[in-house]
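Below is one structure, written out as structure tokens; the observations come after it.
The values are calculated or read from the model by the stated rules, or taken from the named source; none is laboratory data. Note that the structure is a prediction, hence the values are computed from the model and not measured. Quick reminder, even Gly has a Cβ in these numbers, built from the backbone with ideal geometry, and neighbours come from all protein chains shown. These accessible areas exclude ligands, DNA and RNA; they are computed on the full protein's heavy atoms, side chains included. Shrake-Rupley method; radii C 1.70, N 1.55, O 1.52, S 1.80 Å.
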Amino acid sequence: MCGIVGLFLKDKSLEPQLGNLLSDMLITMTDRGPDSAGIAIYGGSAEGKAKVTIQSANPGVDFDGLAGDLDKAGIKAHVWIKSTHAVIEFDASKLGAVREALERIRPAVRLMGSGETVEIYKEIGLPKDVVARFGVRSMSGTHGIGHTRMATESAVTTLGAHPFSTGADQCLVHNGSLSNHNNLRRELVREGMTFETQNDSEVAAAYLTAEMAKGKDLGQALTGALDDLDGFFTFVVGTKSGFGVVRDPIACKPAVMAETDQYVAFGSEYRALVNLPGIENARVWEPEPATVYFWDHDKAA
């Protein structure tokens, strides 16, 4: 049992409140998963810039002098440290070089996510502590997803926490369990995907990344997941401009959605949504089994 939440803003006036609204939604779901928690925020991006979020078990060592060491490797970067995580911003053309440099000069750090807009923060602990640790309430953005985990199939670790990110500006949170993830992992490895954990949810994220790399949009990739993934699942997924939800055909994992002129929201339970502005006038529904729900800022009318 885990708790998942998501918020896709239509109204730009709410963007400064995204971190605060999403934090409250996730904290409300604490009793569904007290082992670890994480949030992905899709915020603004500087033209021509990209960023990566990294995590360290020993940030005092790994983050000390990091900007200078990257400069020596030929990469001009700005580094913002947030507890055990750091966000590195650099010229977008240098993404591959940054990954290679980090493997060489900071081999102990772990990549949480990368892209033009996404920042991902996740750690062991309660949602309220994770939110406070990384200053999530003060973060602005266009959309975001969150997860609080009760581990059932793998260890309680930072890498095992959600969201999982396997592609640029892509991430996924999951409630459920997949039964064919080992076979699918082998197929994806043959296609060139790499994995950090044995978690089945990372396989789901990598599947969507691989499908979108073939030219599908998020909605099309989620539709394919209904045929190719076996097991119980509710997924909430973010991309640079998109937000998607899908449940397996049996749909035994709880889910509720709400939509107004200002936002689309998802929660494992309705109580995650009760403090959203205008929720009393929202269209509220339980997402149907085997049905893809998909919104995209770039495709909005």
Single condition R32 does not satisfy, out of (1) in contact (Cβ under 8 Å) with a residue 24 or more places away in the chain; (2) in contact with a strand residue (DSSP E or B) (Cβ under 9 Å, 6 or more places away or on another chain); (3) surrounded by fewer than 19 Cβ atoms within 10 Å (Cβ to Cβ); (4) of a type in the set (K, R): (3)
Quick one: how many residues across region 42-53 are out of contact with any Ser or Thr (no Cβ under 9 Å at 6 or more places or on another chain) and either at pLDDT below 95 or crowded, with 24+ Cβ neighbours inside 10 Å (or both)? 2
Please verify whether Q262 is surrounded by fewer than 19 Cβ atoms within 10 Å (Cβ to Cβ), over 18 Å from P163 (Cβ atoms), of a type in the set (S, T, N, Q) and in contact (Cβ under 8 Å) with a residue 24 or more places away in the chain, treating the condition exactly as stated. yes
Could you please find all residues in region 172-200 being of a type in the set (G, A, S), surrounded by 14 or more Cβ atoms within 10 Å (Cβ to Cβ) and more than 23 Å from G242 (Cβ to Cβ)? S177
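Would you pick out the residues in region 46-72 that are over 21 Å from Y121 (Cα atoms) and out of contact with any Leu (no Cβ under 9 Å at 6 or more places or on another chain)? So that I can check it myself, show each step before the final result.
To start, the set of residues in region 46-72 that are over 21 Å from Y121 (Cα atoms) comprises 47-48, 65, 68-72.
Within region 46-72, E47, G48, G65, G68, D69, D71, K72 qualify.
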Flag if K214 is free of Cβ contacts under 8 Å to residues at least 40 places away in the same chain, basic (K, R) and either open to solvent by 10 Å² or more (accessible area, probe 1.4 Å) or touching a Lys or Arg at 6+ places or on another chain (Cβ under 7 Å) (or both): yes
Tell me which of these V203 doesn't satisfy, since it passes every other one: (1) among the β-branched types (V, I, T); (2) surrounded by 24 or more Cβ atoms within 10 Å (Cβ to Cβ); (3) within 25 Å of I27 (Cβ to Cβ). (3)
Please go through region 30-47 and pick out each residue that is closer than 29 Å to E269 by Cα and either part of a helix (DSSP H, G or I) or not small (G, A, S) (or both). T30, D31, R32, P34, D35, I39, I41, Y42
Kindly indicate which of I120, I39 is touching a helix residue (DSSP H, G or I) at 6+ places or on another chain (Cβ under 6 Å), crowded, with 21+ Cβ neighbours inside 10 Å and within 21 Å of V237 (Cα to Cα). I39
Residues in region 272-301 that are modelled with pLDDT of 95 or more, open to solvent by 50 Å² or more (accessible area, probe 1.4 Å) and farther than 30 Å from D230 by Cα total 5
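Would it be correct to say that G141 is open to solvent by 10 Å² or more (accessible area, probe 1.4 Å) and among the small types (G, A, S)?
So G141 fails the test.
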Region 116-128, residues that are part of a helix (DSSP H, G or I) and within 14 Å of T158 (Cα to Cα): P127
Being surrounded by fewer than 23 Cβ atoms within 10 Å (Cβ to Cβ), on the phi > 0 side of the Ramachandran plot and either touching a His at 6+ places or on another chain (Cβ under 9 Å) or touching a residue at least 24 places away in the same chain (Cβ under 8 Å) (or both) is true for just one of G219, G231. Which residue is that? G231
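Each row is one residue, and each column tells you yes or no for (1) hydroxyl-bearing (S, T, Y); (2) open to solvent by 50 Å² or more (accessible area, probe 1.4 Å); (3) out of contact with any Ser or Thr (no Cβ under 6 Å at 6 or more places or on another chain); (4) modelled with pLDDT of 95 or more.
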position	(1), (2), (3), (4)
I75	no, no, yes, yes
H78	no, yes, yes, yes
K82	no, yes, yes, yes
L95	no, no, yes, no
E103	no, yes, yes, yes
R106	no, no, yes, yes
L111	no, yes, yes, yes
Note on V173: of the conditions (1) at pLDDT below 95; (2) outside any helix (DSSP H, G or I), unmet is (1)
